[in-house]
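Quick notes on the structure that follows.
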Amino acid sequence: MPAERTLHVADSTVIVFPDAAAASRAAADRIARVVAEAVPARGKAILGLATGATPERVYDDLAARVKAGSLSFRDVVSYNLDEYYPIQPLDPLSYRYYMHRNLFSRVDLAPNRAHVLDGTVPESAAADHAAEFDRWIEADGGLDVQLLGIGRNGHIGFNEPSELSPAEFAALPTRMVDLHPITKADAVREFGSAEAVIPRALTMGVRQILAARSIIMLATGPKKAPVVTQALKGPITASLPASLLRTVADKVVWLLDEPAAAELG
Ligand code: GLP
């Protein structure tokens, strides 16, 4: 099997792997390395986690390392990117449930250190809840690493395309959002029908994501090729949220498989 190749697309570091399994393993390697460095240095590692189909293999890999005894989440604190609103944590479609299924139930992470935005807060309290989420991340010293996927419309977390200026967009805090039509169309896969898709969500803000000390963008499969190319080579614009990662390019790594990289040239 051919080895990975590293590209420099303008200021961005892009590593292309033969397949999604290899790209996911590289993401897990980097997360394990962050834990190994942050815990002795600061007593804990603060991980920003993502949902969606893409990171499932990363969580399988991290869970296997914990089972094998080469990694521990004992000193880890986690913050997830987003959650549908409103939704119950027991709902199998909630991101809390996804995290329980894919990671939290398989590793030694203390339940009170695994933060997922709460899809059950009353609507009148949602803004306070979102602001509190940002305060907790900051009180923990900020994210050591943020794992990201990319929506077909370029969203990161549920920060959807916007007409704001890049500077205004980069300052957005954690908040309630309306989902974009492409996001809702893609969510039919999980929800079963367009009518069943929950049209709103709570999302970590762009500000918090860009403030992470390191960022891993993982994108795999041919459907992501056009948006990955746009994000890396098109204009830096809030209409394609992931393009903002180029404003902090020195701390971002793009981990792609060959199909996702196919249009980079
Ligand atoms: C979802 C999530 C994002 C995720 C993206 C891509 O809606 N809110 O955090 O990165 O869309 O998902 P997938 O990996 O399933 O393509």
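Placing a pseudo-label 7 Å from each Cα along the Cα-to-Cβ vector at T120 and L90 gives an inter-label distance of 0.8 nm. Only one residue of A201, V228, L179 has its Cα farthest out toward the positive end of the dipole of segment 172-230, where Lys and Arg carry +1 and Asp and Glu -1 on Cβ, and that residue is V228.
How much of the accessible area of the chain, in percent, comes from carbon and sulfur atoms when a 1.4 Å probe is used?
Heavy-atom surface of the chain belonging to carbon and sulfur, 1.4 Å probe: 54 percent.
What does the convex hull of the alpha-carbon atoms of segment 142-225 project to on average, in nm²? Mean projected area of the Cα convex hull: 6.1 nm². Beta bridges from DSSP with both residues in segment 5-257: antiparallel share about 40 percent, rounded to the nearest 5. When the helices of the chain are scored as -39500 (n - 2.57) per DSSP H run of n ≥ 4 and the total is divided over every residue, the value at 222 nm lands at -10500 deg cm²/dmol. Accessible surface area normalised per residue over the chain is 43 Å², counting heavy atoms of protein chains with a 1.4 Å rolling probe.
Quote the FRET efficiency, to the nearest 0.05, computed for E195 versus E263 with a Förster distance R0 of 35 Å and r equal to the Cβ-Cβ distance. Calculated value: 0.55.
Over segment 5-257, all Cα pairs binned in 10 Å intervals from 0 give whole-percent P(r) values of 7, 33, 39, 19, 1, listed from short to long.
With all protein chains in place and ligands, DNA and RNA left out, the 1.4 Å accessible area ranks K224, K233, K184 as K233, K184, K224, largest first. Report the paramagnetic label zone for A171: residues of segment 232-265 whose backbone N is under 16 Å from a point 7 Å from Cα along the Cα-to-Cβ axis. Taking a point 7 Å out along Cα→Cβ of A171, the residues of segment 232-265 whose backbone N falls under 16 Å are 238. Going Cα to Cα from K44, which lysines come in below 28 Å? Please leave out same-chain ones fewer than 8 positions away. Answer for K44, where 28 Å is the Cα cut-off: K67, K251, listed by chain and number.
The values are calculated or read from the model by the stated rules, or taken from the named source; none is laboratory data. Values in this document were obtained by computation on a predicted structure and should not be read as measured data. Please note: Cβ atoms are built from the backbone with ideal geometry, for glycine as well, and neighbour counts cover all protein chains shown. Accessible surface is based on the protein model in full, side chains and every heavy atom, while ligands, DNA and RNA are left aside. Shrake-Rupley method; radii C 1.70, N 1.55, O 1.52, S 1.80 Å.
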